[in-house]
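Just so it is clear, none of the values below were taken in a lab; they were calculated from the coordinates. The shown structure was predicted, so the numbers you read here are calculated from the model rather than taken from an experiment. All Cβ positions, glycine included, derive from the backbone under ideal geometry; neighbour counts span all protein chains shown.
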Number of protein chains: 2
Amino acid sequence: MHMLSRYLPILDWGRTYDRTVLSNDLMAAVIVTIMLIPQSLAYALLAGLPPVVGLYASILPLVLYAIFGTSRTLAVGPVAVVSLMTASAAGAVADQGTAAYLEAAITLAFLSGIMLAILGLLRAGFLANLLSHPVISGFITASGILIATSQLKHILGISAGGDNWPDMLGSLAASLGTTNYWTLAVGVPVTLFLFWVRKGAKPALQRMGMPPRAADMTAKAGPVVAVALTILAVLAFDLQAKGVNLVGAIPQGLPPFAVPSTDLSLIQQLWVPALLISIIGFVESVSVAQTLAAKRRQRIAPDQELIGLGAANIASAFSGGYPVTGGFARSAVNFDAGAETPAAGAFTAIGIALATLFLTPLLFSLPIATLAATIIVAVLSLVDLKTPKLLWRYSKADFAAHMATIGVTLLAGVELGVISGVGVGLMLYLWRASRPHAAIVGRVPETEHFRNIERHKVFTVPHVLSIRIDEALTYLNARWLEEYVLEQVADHPAVRSVILMCSAVNEIDASGLESLEAINHRLGDGGVVLHLSEVKGPVMDRLKRTHFLEDLSGNVFLSQDRAFSEALKDDGQDEVSDDPLLARGMI
Amino acid sequence: MHMLSRYLPILDWGRTYDRTVLSNDLMAAVIVTIMLIPQSLAYALLAGLPPVVGLYASILPLVLYAIFGTSRTLAVGPVAVVSLMTASAAGAVADQGTAAYLEAAITLAFLSGIMLAILGLLRAGFLANLLSHPVISGFITASGILIATSQLKHILGISAGGDNWPDMLGSLAASLGTTNYWTLAVGVPVTLFLFWVRKGAKPALQRMGMPPRAADMTAKAGPVVAVALTILAVLAFDLQAKGVNLVGAIPQGLPPFAVPSTDLSLIQQLWVPALLISIIGFVESVSVAQTLAAKRRQRIAPDQELIGLGAANIASAFSGGYPVTGGFARSAVNFDAGAETPAAGAFTAIGIALATLFLTPLLFSLPIATLAATIIVAVLSLVDLKTPKLLWRYSKADFAAHMATIGVTLLAGVELGVISGVGVGLMLYLWRASRPHAAIVGRVPETEHFRNIERHKVFTVPHVLSIRIDEALTYLNARWLEEYVLEQVADHPAVRSVILMCSAVNEIDASGLESLEAINHRLGDGGVVLHLSEVKGPVMDRLKRTHFLEDLSGNVFLSQDRAFSEALKDDGQDEVSDDPLLARGMI
């Protein structure tokens, strides 16, 4: 039972489901549904897909997440960044508007779903750690700029393309002469209206006497108002005849049953982007789920979240949708509207299903420009220009990873952007990990304490060198350890004993152990004795399983003070010499 | 001057060069030359190249390393593992024996040289840390098995192929019927003789009254004896007519001037193997250079070593050679023979050049089987079957990386073997780094010390939670930190104050800072105050450059004891509440 409810969280919250919770969930579902309809159409447009695909991706995935997900309030569906990544990946294998393009999008959802589920079963959620905050925020800023730029053509009523920012701007500039002014006359006011709705509507409604919560909810319906008004404008002025692009006929009815491609060469082309979509989607989703859960002192289980999102994406693939994840904005709305359980997501799915059954004819005359305006307003709020300055002040390494991500994403596209951000971050981390902190220490007079000789007035003698290592000894710093100790000894020719103070060494892996063995042998060649002090219990237990303690030229002391006192007595006349290359089997 | 001698170490040791050093270097050069001639021919054979290419790779590269390298005793030239990797990489783009194959090998040396030099100028020697000791030893064991297997065909006098072990064994088994017994009659005795020379010759010579050092040096000349005897056997019994494969005509004269390919598609195919060759070669070279330098309390500069090896490989490419590096066996011989400066390497180069000018006709009748036997005996000593058992006992993670490297190298070849070893090692490292150690601590009664509540009898109260973090807060564990702290608070519903004890936190990167901010906000939402204690000086300096200290709901205390005492007084009635999603700009 415990096992089962770990993989099926619905068994947990389902047992205590009652009428109060039901009415709260239903209320939240209505609000999220109203918000989700224009958003789903818009994000499908951004992904280069027919608008109805956005609706398909907002039905079955929500039901599956409700069964397998652990967040009570996460709202799953199409989101901006993942839609952009889908457009980039599918665009690399087929042209927009073709059946092959749609097939690629469906296959991406399928691959991403399988990958997420496998990572979840392997409990490999920690992989998302590879994306540092500066890399994520750089990626989101750059994606926001790319997305907003990609939508400008719909506001201008022109054709333009481009996979990276310079190409997009060039393509826009080249077609600027063909601007359709009727489209512009719809697009610009809608964009301004939506910006105002986002910032100014709630205070304005409150000034008109509406209570804060109602004002907030009404403001959230702004995009629906924009949709309604622009449809009316199209009908009133016959804008279709004047060249304004409309959503047009949307197939009515529930999502079709789709089968993801089993074409191996397609899978070979798509697995890398699918992996990136999975990780980015997971990080976005977990961040928001954690934030919301903490507000109510609830918990989410990141590894089970992988399974929940995996199931949602597989469901999306089989119902003709494209990759989905938990979105920032809509989850916050769901939470604010009072959703208490994942059932709210299932009710939203019913709402969207009803919309695909009955509302799609009404959307025939919706201008594409309205959807583009929705996207632009949503993503520009993701663009964060303050972070670079803060990072520069706080950490140059993080700044470098952030700027590299922004630069590569804008110039070479989303996939290389993420990869290079992870690469730069990892490189800088490994660089630092390979140079851990260590200090030469001496005894604080009249005490048993040992402190850094550079910061304190301490007692040392020329023939004893005490080195405190402030880090676990792993393969990343094993080479450094050898170099550091041997250099210090080379710098202090009088030294006859070296004491490594291991009070901060939480672990010694096999490479660290080999480095200690090498140091022991090499110091021995030069007639220097090696002692260890303050080795932690678990570390010592593992060392006892090896020959190291027998081979050690000196001793292991419980305290640095004891080690130092013993080394002081030692006149250093014992000489060790053998061929360490032969001894280590390297020849 | 300092700058110049950093990049040109020759300026350093060149100034004090005198006649004694000269005679020592000359002596060592003679011994290494004698050893290097059969070895160079054999390794070229292993790389699938004409034997003379091995000689070319042993002339100019040694001179360049003498100018740019920092090790006094490293002997550079063709080595077994790099030769195998060259065969694998060049074999993927062309057939052995063709001009395209030779061009690929030369281009590999060129690319590898450029990469090494660039890494050196970028001071990126730390990249070699990615190869942990278990991965390196697994790779060398598997390579030894692959190399020995690949040479069996020459001992049997048959044709066989295969890029991985199962294929090699299958191919050998299939051709076993065509064994040339005359070749076998040469190959088996030579192999046994060389095994005996390696282990038994020195004691035997000593028993015959030779002094130890002379016995050692004479034993090292064993391969030359084998070469001479088998040439005589070929001539005496006219073995060429009986189907024994011979080295044949070697072009006489100094290395030609060669130009590496500038064919972009070839470079695209070869850059990954070239990078792997560079890193494996660098690791092998630095390991041996460090071991030898330590014996005489000398130092090497790893970043400058990259430049030295880079120059050597570029020189190899321009003189018709293939990738080279510092070899284990020959460097130890050079050291033992008394080499004092890199000039010994330059003298060795002169020796090999004289050999290519005058000795090559003598090698016409050398059986390929003799070279194969040299290789088999050399590489089987690299196969280390004790390490897996030791690793299993010491560290399961290191064992996994070791076995993955051996398995993938044997089954899928050298390149994938290295990559998967690095991948598995990094994955396990990141997995551990993402779960650092932390403990809930309480006050040891009657003291100001705080210890882990699970290991000591300590004083705690329900409304104060003290957590000691035993690791730097970086992006790899930032998510863990949030989860850990929030879970602990969820598990202790009475908690009103959380104290993070930061005595072991050496660094907080931007992601760690954001996690602290998020924890502060989320705890605030639940009415819990966050304090920090014992923050280190440099960490505090950086925190002061941010808004974090102003936003922190609690205080930063110099000691955990002060923090705990203050939190005890606090009745926890202050309530903080705002929308943290809005506050963090996430909506």
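Here's how it looks for A:Leu530: its modeled amide H is under 5 Å from those of A:Val498, A:Ser553, A:Gly554, which are all 5 or more places away or on a different chain. What the Kirkwood sum gives for chain B is a hydrodynamic radius of 27.5 Å, with every pair of different alpha carbons counted. With a 10 Å cut-off around each Cβ of B:480-486, the average count of Cβ atoms from other chains is 3. Divide the volume of the convex hull around the Cα atoms of the stretch A:475-533 by the residue count and you get 73 Å³ per residue. Listed by chain and number, the lysines whose C-alpha is less than 20 Å from the C-alpha of B:Lys396, apart from same-chain residues fewer than 8 away, are A:Lys536, A:Lys544, B:Lys386. Chain A residue nearest the axis that carries A onto B, by Cβ, with distance in whole Å, is A:Ala504, 3. Along the charge dipole of the stretch B:64-212, Cβ charges K/R +1 and D/E -1, which of B:Leu108, B:Phe193, B:Ala90 sits furthest on the positive end? In the stretch B:64-212, that residue is B:Phe193. Take A:Leu232, push a point 7 Å out from Cα through the beta-carbon direction, and compare it with the same point in every other copy: 11.0 nm, smallest first. Judged by the ratio a/c of the largest to the smallest principal axis of the C-alpha gyration tensor, the stretch B:131-251 counts as oblate, that ratio being 1.5 or greater while a/b is no larger than b/c. Once the dipole of the stretch B:438-583 is set up with Lys and Arg at +1 and Asp and Glu at -1 on Cβ about the Cα centre, which of B:Phe459, B:Val528, B:Val498 lies farthest towards its positive end? Result: B:Phe459, furthest along the dipole toward the positive end.
Proximity of backbone amide H atoms, modeled 1.01 Å from N, is registered between A:Ala504 and A:Ile469 at under 5 Å, excluding neighbours fewer than 5 places apart on the same chain. Report the far tail of the P(r) of the protein assembly as shown, meaning the percent of Cα-Cα pairs longer than 59 Å. Counting pairs separated by more than 59 Å, the tail of P(r) holds 26 percent. Ascending distances from the B:His449 label point to its copies in the other chains, with the point 7 Å along the Cα-to-beta-carbon line: 1.4 nm.
Just to confirm the number: angle between the C-alpha axis of helix B:181-199 and the first principal axis of chain B, 0 to 90 degrees, nearest 10? The helix B:181-199 is inclined about 60 degrees to chain B.
Here the protein assembly as shown is assigned +1 on the Cβ of each Lys and Arg and -1 on the Cβ of each Asp and Glu. Its dipole about the Cα centre then comes out at about 80 debye. Counting only Cα atoms, the size of the stretch A:272-382 along its three principal axes is 44, 38, 31 Å, in decreasing order. Normalise the Debye intensity by I(0) for the stretch B:438-583, one equal point scatterer per Cα, no solvent, then take log10 at q = 0.12, 0.21 Å⁻¹ and round to two decimals. Log-scaled intensity ratios, in q order: -0.44, -1.48. Here the average projected area of the convex hull drawn through the C-alpha atoms of the stretch A:111-201 stands at 9.2 nm². Backbone amide hydrogens, once placed in the peptide plane, bring A:Val76 within less than 5 Å of nothing, excluding anything fewer than 5 places away on its chain. Placing pseudo-labels 7 Å out from each Cα toward the beta carbon at A:Glu446 and B:Arg393 gives an inter-label distance of 4.9 nm.
Residue by residue, the stretch B:522-536 carries 3J(HN,Hα) couplings of 5, 4, x, 4, x, x, 9, 8, 10, 10, 10, 9, 6, 6, 5 Hz when phi is fed to the Karplus relation 6.51 cos²θ - 1.76 cosθ + 1.60 (θ = phi - 60°); x denotes Gly or Pro.
If the segment from A:Leu8 to A:Leu122 were pulled out straight at 0.36 nm per residue, it would be longer than the present Cα-Cα gap by 39.4 nm.
The orientation-averaged projection of the convex hull spanning the C-alpha atoms of the stretch B:242-295 amounts to 8.4 square nanometres.
A helix-only calculation puts the protein assembly as shown at -20000 deg cm²/dmol for mean residue ellipticity at 222 nm, using -39500 (n - 2.57) for each DSSP H run of at least four residues, averaged over all residues.
Using alpha carbons only, how many degrees (0 to 90, rounded to 10) separate the axis of helix A:264-295 from the longest principal axis of chain A? Orientation of helix A:264-295: about 90 degrees from the principal axis.
Phi angles of the stretch B:299-310 translate, via the Karplus equation with coefficients 6.51, -1.76, 1.60 and θ = phi - 60°, into HN-Hα couplings of 10, 10, 10, x, 5, 6, 4, 4, 5, x, 5, x Hz per residue; Gly and Pro are given as x.
Spacing of the modelled spin labels on A:Asn245 and B:Ala494, each 7 Å from Cα toward Cβ, amounts to 6.4 nm. Here the extension length gained between B:Phe459 and B:Gln252 equals 66.0 nm, from 0.36 nm per residue of separation less the Cα-Cα distance. Sequence-ordered 3J(HN,Hα) estimates for the stretch B:41-54 from the Karplus curve with 6.51, -1.76 and 1.60 and θ = phi - 60° stand at 4, 5, 5, 4, 4, 4, 6, x, 10, x, x, 4, 4, x Hz, glycine and proline given as x.
With axes computed from alpha carbons, what is the tilt in degrees of helix A:165-175 against the longest principal axis of chain A, rounded to the nearest 10 within 0 to 90? Helix A:165-175 sits roughly 20 degrees off the main axis of chain A. Spin-label pair B:Leu184-A:Lys536: with each label point 7 Å from Cα along the Cα-Cβ axis, the two points sit 5.9 nm from one another. Copy-to-copy label distances for A:Glu507, where each label lies 7 Å from Cα along Cα-to-Cβ, are 1.7 nm in order of increasing length.
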